[in-house]
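Since every read-out is calculated from the coordinates, none of them should be taken as a lab result. Keep in mind the model is a prediction, meaning the values are calculated, not measured. Note that each Cβ is placed from the backbone with ideal geometry, even for glycine, and that neighbours are counted across all protein chains shown.
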């Protein structure tokens with residue numbers, strides 16, 4: 001099977017054995033050309049996305065089955081961030097909040113890119129970013145927070161370039177603005193009404 005990635009203003013297009021597959025064409029087909037991959041396969045794809053493999057990003061963006069694994073990966077990363085607080089409520093909120101942030105982030109990027117009417121780019125971007133959330137699992141290691149944050153932004157920038165056919169500068173501005181909005185909202189929530197969820201007993 002031969003894959004070829006092409007970029008267009010509204011869709012990531014995959015050519016499989018000479019046949020073009022776009023988000024819209026796949027949506028209209030009764031049988032998806034993508035068979036559900038196993039957990040190990042999606043795990044490998046997640047690693048490739050973190051390594052900025054653009055071909056894998058294109059495959060994941062067009063794979064409707066990737067969203068479930070992406071959500072699971074994101075939820076685990078969010079839960080791990082709250083484990084130091086030793087609060088079950090915090091772990092659950094962290095998992096659910098990370099999923100909410102995933103879709104809010106995708107929505108902000110989608111709107112700032114000017115594609116408010118077609119959901120294919122939105123879903124493609126969310127699938128990529130969701131799987132890239134595997135890098136958040138490193139948060140359990142000491143002194144990795146900054147590295148994880150910076151590289152997550154880098155991955156999102158490349159994903160925006162691939163899905164929305166943006167220049168590097170445009171993708172960077174869209175992703176950074178979207179991330180800063182969500183960081184501000186998250187900071188206000190967890191420094192205020194949700195601060196009790198991240199308190200470490202004995203301190």
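Would you mind classifying segment 54-123 by shape? Square roots of the alpha carbon gyration tensor eigenvalues, ordered a ≥ b ≥ c; an a/c under 1.5 is rounded, otherwise it is prolate if a/b is larger than b/c and oblate if not. Spell out each step's value before the answer.
Details: a/c = 3.16, a/b = 1.85, b/c = 1.71.
Since a/c reaches 1.5 and a/b is larger than b/c, the shape of segment 54-123 is classed as prolate.
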Worksheet item: If you stretched the chain out fully between residue 188 and residue 176, how much longer would it get, using 0.36 nm times the residue separation minus the C-alpha to C-alpha distance?
Response: 2.5 nm
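Note the full-extension length gain between residue 154 and residue 47 as 0.36 nm times their separation in residues minus their Cα-Cα distance, in nm to one decimal.
Working: separation 107, 0.36 × 107 = 38.52 nm, distance 1.42 nm.
The span from residue 154 to residue 47 would gain 37.1 nm if fully extended.
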Worksheet, complete the sentence: Burial-style ranking of 127-133, 153-159, average other-beta-carbon count within 10 Å with highest first, yields 127-133, 153-159
Worksheet item: What spacing in nm lies between the two simple spin-label points modelled at residue 89 and residue 55, each 7 Å away from Cα in the Cβ direction?
Response: 5.0
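So for segment 37-198, averaging the separation of alpha carbon pairs under 8 Å that are six or more residues apart and normalising by length, what relative contact order in percent results? Write down the numbers at each step before the final one.
On the way: 195 pairs, mean separation 47.0, N = 162.
Reported relative contact order: 29 percent.
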Fill in: Gain in span if fully extended, residue 68 to residue 111, counting 0.36 nm per residue against the direct Cα distance
13.2 nm
Worksheet entry | Evaluated at q = 0.13, 0.18 Å⁻¹: base-10 log I(q)/I(0), Debye formula over Cα of segment 37-198 | -0.58, -1.10
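How would you rank 40-49, 104-113, 135-144, highest first, on the average number of other Cβ atoms within 10 Å across their residues? Display every interim value, and only then the final one.
Values: 40-49: 17.9, 104-113: 19.6, 135-144: 14.4.
Descending packing order for the listed peptides: 104-113, 40-49, 135-144.
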